[in-house]
Amino acid sequence: MSAPEATVPPTGSGPKPWANRLQWLGRSGVVVVLLGIGVLWLHEFTVGLNERPAWKLKVMFVLIPLGVASALAQVVAWVVLRWSRRQKD
């Protein structure tokens, strides 16, 4: 019996693992933002109008940058993955 040959993966082939992680992080952030907006929207219909809405503004100040950062992460990951697929062809 002969020993199996060790194969070395070629450098630069296939999608980059950090780009896949960045894409996952971007998707997760977008899901969190959409769920947060949905909860705020649902809260508007279930609570009376006399309640002070100051806390909602504070929540939106967190959701807006999170949404922008998530969208940018998605765009960067998409560009990197597309560029790596083009170089592969």
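The values are calculated or read from the model by the stated rules, or taken from the named source; none is laboratory data. Because the structure is a prediction, the values reported are computed rather than measured. Cβ: placed from backbone, ideal geometry, glycine included. Neighbour counts: every protein chain shown. To get the accessible areas, we keep the full protein, side chains included, count just its heavy atoms, and leave off ligands, DNA and RNA. Shrake-Rupley method; radii C 1.70, N 1.55, O 1.52, S 1.80 Å.
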What FRET efficiency comes out for the pair Arg27/Glu51, r = Cβ-Cβ distance, R0 = 41 Å, nearest 0.05? 0.80
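Work out how much length Leu34 to Val59 would gain on full extension: take 0.36 nm times their residue separation and subtract the Cα-Cα distance, in nm to one decimal.
Working: separation 25, 0.36 × 25 = 9.00 nm, distance 1.26 nm.
Here the answer is 7.7 nm.
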Computed label-point distance, nm, for sites Val75 and Trp18 using a 7 Å Cα→Cβ extension: 2.0 nm
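Keeping all protein chains in place and using 1.4 angstrom, which order do Ile37, Ile64 fall into by accessible surface area, from largest down?
Working: Ile37 75, Ile64 95 Å².
Order by accessible area, largest first: Ile64, Ile37.
Hey, what D do you get for segment 33-89 in µm²/s if you plug the Kirkwood alpha-carbon radius into Stokes-Einstein at 37 °C and 0.692 mPa s?
Details: Rh = 13.9 Å.
Here the translational diffusion coefficient equals 236 µm²/s.
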